[in-house]
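Below is one structure; the comments refer to it alone.
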Amino acid sequence: MMTDFSRLPARPLWMRAVAGVSRVCGAVSASMILLAVLLTCQMIWVRKINNASTVWQTETVIYLMIAATLIGLPYVQLLKGHVNVDLLPRMLPKFMRKSLACLTLLVAISVIGVMLFYSAELWHFAWKKGWSSDTVWGPPLWIPYLAMPVGFGLYLLQLATDLVAIISNIDEPFPETTH
């Protein structure tokens, strides 16, 4: 059975804005992955064809992939693309589904809130104390560390938006889909 979204209330402007930011995060994340792939190809060319050493590429690829994962979190949440086992929730009555969805989102918000706090603290220490990588390249660590509070912060915003959408009956918890 497919959900009839036409009977659900329209999304307020702020929810559409959060969804827009999450979509931008998805595009930025995909671009970072593409750049990491291109840098990996360049690194292989430099090492195997030119027989030269690479200094910054490996570390950059690692930072890009971690940042892509973190920045992509809100987009995956927007699409409801995280791993989800919803067989039992769909068997529950509608009011229990809503309660379970709200509880799950509140727990997720709490966990991501803690991660946001500590990642922001780590980023701030790296920025304030001028930490840099211990590699030959030695980039300042506040730059790659910034992906943590930004990613977790935007993910938290998308989670909170999803919670409000369920509480206000804009979204249905665990909707029936046909894939």
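The values are calculated or read from the model by the stated rules, or taken from the named source; none is laboratory data. Here the structure is a predicted model, which means the values were calculated and not measured. Neighbour counts run over all protein chains shown; Cβ positions are idealised from the backbone, glycine included. Just the protein is used for accessible areas: all its heavy atoms, side chains included, with ligands, DNA and RNA removed. Shrake-Rupley method; radii C 1.70, N 1.55, O 1.52, S 1.80 Å.
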Would you be able to say whether some residue in the stretch 81-94 is under 26 Å from residue 62 (Cα atoms) and hydrophobic (A, V, I, L, M, F, W, C)? yes
Name the pairs: first residue in the stretch 49-66 and of a type in the set (Gly, Ala, Ser), second residue open to solvent by less than 90 Å² (accessible area, probe 1.4 Å), Cβ to Cβ under 7 Å, at least 6 apart or on different chains? 52/46
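Inside the stretch 66-80, can you point out the residues that are assigned to a helix (DSSP H, G or I), in contact with a helix residue (DSSP H, G or I) (Cβ under 6 Å, 6 or more places away or on another chain) and either closer than 14 Å to residue 149 by Cα or open to solvent by 90 Å² or more (accessible area, probe 1.4 Å) (or both)? So that I can check it myself, show each step before the final result.
Of all residues in the stretch 66-80, those assigned to a helix (DSSP H, G or I) come to 66-71, 73-78.
Now narrow it down to the ones that are in contact with a helix residue (DSSP H, G or I) (Cβ under 6 Å, 6 or more places away or on another chain): 67-68, 70-71, 73-75, 77-78.
Result: 67, 68, 70, 71, 73, 74.
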Cβ contacts < 6 Å: first residue modelled with pLDDT of 95 or more and of a type in the set (Gly, Ala, Ser), restricted to the stretch 13-26; second residue assigned to a helix (DSSP H, G or I) and buried (at least 16 other Cβ atoms within 10 Å of the Cβ), any location; separation 6+ or different chain. Result? 19/78; 22/74; 22/75; 22/78; 22/158; 26/75
Close pairs from the stretch 125-139: first of a type in the set (Val, Ile, Thr), partner part of a helix (DSSP H, G or I) and surrounded by 10 or more Cβ atoms within 10 Å (Cβ to Cβ), Cβ under 8 Å, at least 6 apart: 135/59
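Here is a yes/no grid of residues against (1) farther than 20 Å from residue 138 by Cα; (2) touching a Ser or Thr at 6+ places or on another chain (Cβ under 7 Å); (3) open to solvent by less than 80 Å² (accessible area, probe 1.4 Å):
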residue	(1), (2), (3)
30	yes, no, yes
40	no, no, yes
47	yes, yes, no
50	yes, no, no
60	no, no, yes
64	no, no, yes
